[in-house]
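Data first, discussion second: the structure below is written as structure tokens.
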Amino acid sequence: MTKLGLQPKSGKGVMQREPQETPKTSNPQLAWEGHRGRLREKFNKSGVAVFLDYEIIELLLTLGTPRKDCKPQAKEAINRFKSLRGVLEAPPEELQKIKGITPYNTFVIKFVQEVAREFLKEQILNKPYCKSSKEVFDYLYHSMRDLKKETFKVMFLNAQNQVIEVENLFGGTLTASAVYPREIIERAIKNNAAALIFVHNHPAGNPEPSDNDKQITRDLVFAGNIMQIKVLDHIIIGDNRYFSFADEKLIEEYELNFLNLKKQG
């Protein structure tokens, strides 16, 4: 007779314990706490590169709701806004339409997003600009690619071509009458800038410059020359690509236009 789940091993008189199944928890809280712990361990080991988009959002939601399973809300957010970028850029009021996402959750998402943007800004401040449009694109792409409206940024550089400040100056539909050279020059003087780089986005994704873009850039190059402030570039950011006025020799062309007009005057 066997006892306590023991049975004879074939051919021997030694008793062997039967394999026991690992008990499954019936407590939902223990289940999602274990899942959350595995996500944290996954991050500590490999970073976010190995995460699915919804897993990143799930971890962000747990910071605002530490004692609740956030996976359903994270998956619904990705389904609704299509991507991690879409969720991060979504207005708080739209995120809160998802059942279970509270103002605490949206605060955390927006706070983390702004910290990341400030970090990227700090990464480029006081570093030399090597006259590479790709450097500027890499720096600003993640913060501008999902903006729904056009935003006009100005990067202010000192005499050593180090970036000393980055500011958003204009927004909305950008036309020659909506971008004010005088305001840009005033900000440049206040920042003691010797050179400028302009950056704006095309929400539709195509970075090719419009006639308005060209007129704006020409006016700004002229204004910079009058005040002896160098315009290094104007970069238009699209969907994972960009257009550089400097790379296409248009900044140089506008500089020559100004010199010719000055000679004629």
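The values are calculated or read from the model by the stated rules, or taken from the named source; none is laboratory data. Model, not experiment: these values are computed from the prediction. Methodologically, a virtual Cβ is constructed for each residue, glycine included, from the backbone with ideal geometry; neighbour enumeration extends over all protein chains shown.
Below is a table of values for the structure above.
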| read-out | value |
| --- | --- |
| Residues (within 21 Å of residue 153 (Cβ to Cβ) and either free of Cβ contacts under 8 Å to residues at least 60 places away in the same chain or out of contact with any Gly (no Cβ under 9 Å at 6 or more places or on another chain) (or both)) located in the stretch 239-265 | 241, 242, 243, 244, 245, 246, 247, 248, 250, 251, 254 |
| Residue count for the stretch 136-146, restricted to those that are buried (at least 16 other Cβ atoms within 10 Å of the Cβ) and either modelled with pLDDT of 85 or more or of a type outside the set (Ser, Thr, Tyr) (or both) | 6 |
| Yes/no for residue 93 being charged (D, E, K, R) and surrounded by 13 or more Cβ atoms within 10 Å (Cβ to Cβ) | no |
| Residues of the stretch 159-209 classified as closer than 17 Å to residue 234 by Cβ, touching a helix residue (DSSP H, G or I) at 6+ places or on another chain (Cβ under 9 Å), assigned to a helix (DSSP H, G or I) and not β-branched (Val, Ile, Thr), total | 2 |
| Single unsatisfied condition, residue 86 versus (1) touching a residue at least 60 places away in the same chain (Cβ under 8 Å); (2) more than 30 Å from residue 154 (Cα to Cα) | (2) |
| Matching option when the condition is exposed (fewer than 13 other Cβ atoms within 10 Å of the Cβ) and among the small types (Gly, Ala, Ser), among 246, 204 | 204 |
| Residue match in the stretch 108-118 (condition: out of contact with any Asp or Glu (no Cβ under 9 Å at 6 or more places or on another chain), at pLDDT 90 or above, farther than 28 Å from residue 239 by Cα and of a type outside the set (Asp, Glu)) | no |
| Hey, residue 156 outside the structural domain of residue 40 (by TED's automatic domain parsing) and either buried (at least 16 other Cβ atoms within 10 Å of the Cβ) or over 26 Å from residue 244 (Cα atoms) (or both) or not | yes |
| Filtered residue count, the stretch 37-71, keeping only those that are within 18 Å of residue 83 (Cβ to Cβ) and either of a type in the set (Lys, Arg) or assigned to a helix (DSSP H, G or I) (or both) | 13 |
| Subset of the stretch 210-231 (residues that are among the hydrophobic types (A, V, I, L, M, F, W, C), part of a helix (DSSP H, G or I) and surrounded by fewer than 20 Cβ atoms within 10 Å (Cβ to Cβ)) | 222, 223, 226 |
| Among the candidates 36, 85, residue that is under 17 Å from residue 106 (Cβ atoms), surrounded by 12 or more Cβ atoms within 10 Å (Cβ to Cβ) and at pLDDT below 80 | 85 |
| Residue that is farthest from residue 137 (Cα to Cα), among those in the stretch 218-259 that are among the β-branched types (Val, Ile, Thr) and under 31 Å from the mean Cα position of the chain (by Cα) | 229 |
| Unique residue being at pLDDT 90 or above, hydrophobic (A, V, I, L, M, F, W, C) and surrounded by fewer than 20 Cβ atoms within 10 Å (Cβ to Cβ) when the list is 235, 164, 189 | 189 |
| Hey, residue 97 at pLDDT 90 or above and not in a helix (DSSP H, G or I) or not | yes |
| Number of the condition not met by residue 131 [criteria: (1) at pLDDT below 80; (2) loosely packed, with under 15 Cβ neighbours inside 10 Å; (3) assigned to a helix (DSSP H, G or I)] | (3) |
